[in-house]
1. Work out the P(r) tail for region 116-233: percent of alpha carbon pairs separated by more than 23 Å, whole number.
2. Which value at 222 nm does the chain reach when only helices count, each DSSP H run of 4 or more adding -39,500 (n - 2.57), with the total divided by all residues and rounded to the nearest 500 deg cm²/dmol?
3. With just the Cα atoms of region 2-224, tell me how far they stretch along each of the three principal axes, in Å, largest first.
4. Tally Lys/Arg at +1 and Asp/Glu at -1 over every other residue whose Cβ is under 9 Å from the Cβ of W39; what's the total?
5. Name the residue, out of V32, V61, V196, whose mean-square fluctuation peaks in a Gaussian network model built on the chain with Cα pairs under 10 Å.
Amino acid sequence: MRTGVLLPVFEDDAGPALGRALEAERAGVDGVFCYDHLWPIGQPERPALAPFPVLAAVAAVTATVHLGTLVARVGLVPDAVLLAQFDALTALAPGRVIAGLGTGDRLSAGENEAYGLPFAPAGVRRAQLRACADAARRRGLPVWIGDGSKATRRIAGAAGVALNLWDATPEGVADEARRAEVTWAGPVRDDLAGTVVRLARAGATWAVFAGAVDLEVLVAAGASLRGGRRPGR
């Protein structure tokens with residue numbers, strides 16, 4: 001199982017995100033990821049950096065770490081623009097880009113409304129999600145679909161891509177991993193190293209952590225699953 005961290009993008013500038021990405025790469029973390037929100041959920045007074053410019057800046061100062069959206073939401077920009085952003089990021093970091101995609105939900109609907117962006121009915125957003133997932137996969141990108149409902153789970157299965165579970169229990173991961181590839185993301189609820197091991201045993205192929213994660217502990221836990229070998233060593 002690979003490990004990753006979410007970068008701090010709810011900031012006024014990209015400095016903290018770039019610093020965290022460099023620390024993660026030096027420590028041996030496999031990937032760094034960005035949210036795609038116009039503000040932190042429930043906090044419209046706070047700033048939020050767009051994911052693709054941040055990841056492009058990260059691509060310019062790193063060499064090995066994977067870069068991903070968690071998740072880029074359909075409907076914030078036209079589908080063609082969303083895919084073009086992945087193309088541009090891939091040109092900067094070939095072989096390192098992960099296309100995390102999602103539909104958004106009622107918790108993020110207010111972001112669209114505040115900026116005059118249509119929040120399409122769920123069926124329309126799911127159709128956009130499937131089209132973007134198929135297009136990203138044809139580009140050779142690993143694709144993760146953010147879990148939100150049984151319908152989005154069916155899309156992941158039909159498209160043959162990974163399902164990303166947010167803050168799921170190891171039991172929930174194991175249940176979905178019986179059917180398809182599952183990646184996991186969420187905060188640390190208790191022991192970080194133990195969480196990594198439990199998620200790996202449940203069948204997750206990635207575990208991406210939010211918040212102030214101890215990178216050395218994270219990498220050591222991942223290395224223990226590889227027989228003690230740290231990434232790139």
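Rule-based calculations on the coordinates, nothing more; no lab input. Keep in mind the model is a prediction, meaning the values are calculated, not measured. Note: ideal-geometry Cβ built from the backbone for every residue, glycine included; neighbour counts use all protein chains shown.
1. On the way: 2723 of 6903 pairs.
Within region 116-233, distances greater than 23 Å cover 39 percent of Cα pairs.
2. Values: 9 runs with 101 residues, N = 233.
Per the formula, -13000 deg cm²/dmol.
3. 45, 40, 34
4. Values: positive: R46; negative: E45, E111.
Around W39, the charge tally is -1.
5. V61
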